[in-house]
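Remarks on the structure that follows.
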Amino acid sequence: MGDRHKNDKKIGKTFNRFFNKEPKDAILENFDASSQLHVEHILAIKPNSVLDVGMGAGGILLALQKQGVPNLSGVDLSPNAVQLTKKRFEKFGTLENTSLIEGNFLDMEYNNFDAISFHHILNLYPDYKSLITKAIELNPKVMAISMPQNLFKNRIKACFLSILVKILSFDFPFRLIHNHRPEDVVQLFTATGYTQSFKQLFKKNLTMIFIKSD
């Protein structure tokens, strides 16, 4: 546990560099295709509560709030990501009924959610099964997942990036990409009462939607 917490702090500090910017509005039409799919499929169930794990700058959450979702939660390892998200909500939405927390999702205590989003987070975390298992315990009706396809060229890219980081001594204290197999993610969901209702392949990535079976 201690080692994981130390690594979490290193990851959060590393990603801080990506969130030193001015807050901007969340305009769905300007989102990448996978983020749009997360928002659209979550809205389809008319949720009362949504959790975004690894929320980054909070774009998905803010877009959902602007579409009327009343209760929103987000968690991220980066302190700067949390602060930027709060500024976005203060400027373009409201922080009322919104929980934005710095930390590891595995350490959080939450009540149930109608929907949970993992947007390109599983591939940054070695133990993706723990993340999904904890999310399933929160009994969401919908789970939105975007992640890289487990393509040979993606595995080569991951190896190349890891070597490059070591050679150039970049301050990345963790492996950049974990090539988890999407079929293993599907199997984990189907074994726990979820059905894959949607799958969209992109050039290198894919988005999957899982619905809790009745």
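What follows is calculated from the coordinates using simple rules that are stated; it is not laboratory data. If you're wondering where the values come from, they're calculated on a predicted model, not measured in any experiment. As a convention, Cβ positions derive from the backbone with ideal geometry for all residues, glycine included, and neighbour counts pool all protein chains shown.
Odds and ends about this structure:
- Amide H contacts of ILE101 (H built 1.01 Å from N, in plane; Pro and chain starts excluded): GLY74, VAL75, ASP76 sit under 5 Å, all sequence-distant by 5 or more or on other chains.
- Max mean-square fluctuation residue, GNM over the chain, Cα-Cα springs under 10 Å, options SER99, SER35, SER73: SER99
- Residue-wise HN-Hα couplings along region 95-110, as the Karplus relation 6.51 cos²θ - 1.76 cosθ + 1.60 with θ = phi - 60° gives them from phi, are 8, 5, 6, 10, 10, 10, 10, 8, x, 9, 3, 5, 9, 7, 10, 10 Hz; Gly and Pro carry x.
- The residues neighbouring SER73, those whose beta-carbon lies less than 12 Å from its own, together hold a net charge of -4 under the Lys/Arg +1, Asp/Glu -1 convention.
- Within the chain, the longest run free of exposed loop sites, counting GluC sites (Glu not before Pro) that sit outside DSSP helix and strand states (H, G, I, E, B) and have at most 15 other Cβ atoms within 10 Å, spans 110-214.
- Summary of the geometry: region 39-75 and region 1-20, compared by the centres of their Cα atoms, lie 24 Å apart.
- Here's how it looks for ASN205: its modeled amide H is under 5 Å from those of GLN149, which are all 5 or more places away or on a different chain.
- When only Cα pairs below 8 angstrom with a gap of at least 6 residues are kept, region 1-158 shows a relative contact order of 24 percent.
- The chain: C-alpha pair distances exceeding 28 Å, %: 26 percent
- Taken as entire DSSP H runs, the helices of the chain that both span 18 Å or more between Cα atoms along their own long axis and average 0.5 or more on the Kyte-Doolittle scale are 152-168.
- Under 5 Å from the amide H of ILE121 lie the amide H atoms of SER146, each residue being 5 or more positions distant or on a separate chain, with H modelled from the backbone and absent for Pro and chain starts.
- Selected from TYR194, TYR125, TYR110 as most flexible by GNM, with the chain as the system and alpha-carbon contacts under 10 Å: TYR110
- Candidates LEU122, LEU28, LEU51: whichever shows maximal mean-square fluctuation once the chain is modelled as a Gaussian network with Cα springs under 10 Å: LEU28
- Value of [θ]222 nm, deg cm²/dmol, for the chain, DSSP H segments ≥ 4, -39500 (n - 2.57) each, nearest 500: -12000 deg cm²/dmol
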